[in-house]
Each structure stands twice: as structure tokens, then as C-alpha cells.
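What follows is one structure encoded as C-alpha cells, with my remarks underneath.
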Amino acid sequence: MYFELTLIPFFIVLVLFLIFFIVAEGSHWQKHRVLGPFARFIQASPFRSFVTFFILTIASIPVSLLVLTGFWIDAINIGKVPSNQTPIVNTLLVMMLLLAAMIPVMWSHFRAWRQAVRAMAEVRVRSV
């Protein structure tokens with residue numbers, strides 16, 4: 001039961017990441033009936049897009065570990081203490097796969113934000 005309950009935040013983080021990843025580029029998403037609010041939120045500024053992806057990337061670690069905790073709680077409740085490391089290894093593999101997909105996206109939005117800050121600083125220097 002706890003395993004299934006802990007899957008809810010895991011899938012929420014994944015679905016939010018996918019939605020924001022889809023709508024991060026392209027202004028045509030802003031007029032979409034369902035995805036429009038997500039697109040308008042993330043396309044407001046490069047800083048907001050970086051922070052959104054950063055939070056979702058960091059949140060993927062505890063929600064993955066929460067799934068493992070739910071598995072252990074269910075196993076202990078039925079009286080079988082997990083004796084092998086298969087759930088741990090599977091959780092670590094899932095975490096590594098998620099991070100391998102999320103970190104490049106987060107890093108690219110960090111670089112876009114950094115370039116926007118540099119461009120803004122350059123404009124300020126030229127105007128003075």
C-alpha cells in the first residue's frame with residue numbers, strides 16, 4: 001500500500017518535468033488550452049526556467065528514495081524483511097537514468113540564463 005502511495009509524488013515530478021520540457025521552447029504553446037499556463041510560466045524568463053528545472057531535478061532524488069522507503073515499509077508490514085539488495089540497486093538505477101535525462105536539460109537552461117545575465121550586463125555597460 002505504501003509503495004503505491006509513494007509512486008504518486010514520483011510520477012508527479014516526472015510528469016511536471018515532461019510538461020515543462022515540452023513547453024519550454026516555442027511560443028505556440030502559450031495559446032494551448034491545457035499546456036498554456038505551464039508555457040507562460042516557464043517562458044517568462046530564463047531564470048524561472050532554470051529554477052523550475054533545477055527544483056524538479058533535485059526533487060527527483062528524494063521521490064526516488066521515497067519509493068524505496070514505501071517498498072521497505074510494505075515488506076516489513078507483511079513480515080518479510082528485505083534481505084537482498086535488488087530494490088536498492090533498482091532504485092539507484094532509476095535515479096541514475098532520471099538524472100542522466102534531467103541534468104542536461106537543467107544545464108542547458110542554466111546556460112541560457114547565464115547568457116541572458118551577461119547580455120543584460122553588457123547592455124548596461126554600453127549605456128553608461
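In whole percent, and with a 1.4 Å probe on the protein chains, what portion of the accessible area of the chain is carbon and sulfur?
C and S fraction of accessible area: 72 percent.
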Which value, in Å², gives the accessible area per residue of the chain when a 1.4 Å probe is used on the protein heavy atoms? 68 Å²
When a/c is below 1.5 the answer is rounded, else prolate if a/b is larger than b/c, else oblate, so apply that to the range 7-128 with a ≥ b ≥ c taken from the square roots of the Cα gyration tensor eigenvalues. prolate
Whole-Hz Karplus couplings 3J(HN,Hα) for the range 5-10, θ = phi - 60° and coefficients 6.51, -1.76, 1.60, Gly and Pro as x, run 5, 6, 6, 4, x, 4
Each label sits 7 Å from Cα toward the beta-carbon; between LEU99 and ILE22 the label points are separated, in nm, by 2.7 nm
Can you give the calculated 222 nm mean residue ellipticity of the chain, where each DSSP H run of n ≥ 4 adds -39,500 (n - 2.57) and the sum is split over every residue, rounded to the nearest 500 deg cm²/dmol? -28500 deg cm²/dmol
Expressed as an acute angle from 0 to 90° and rounded to the nearest 10, what is the orientation of the C-alpha long axis of helix 86-127 relative to the principal long axis of the chain? 10 degrees
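The values are calculated or read from the model by the stated rules, or taken from the named source; none is laboratory data. What you are looking at is a predicted structure, and each value in this text was computed from that prediction instead of being measured. Note that each Cβ is placed from the backbone with ideal geometry, even for glycine, and that neighbours are counted across all protein chains shown. Accessible surface is based on the protein model in full, side chains and every heavy atom, while ligands, DNA and RNA are left aside. Shrake-Rupley method; radii C 1.70, N 1.55, O 1.52, S 1.80 Å.
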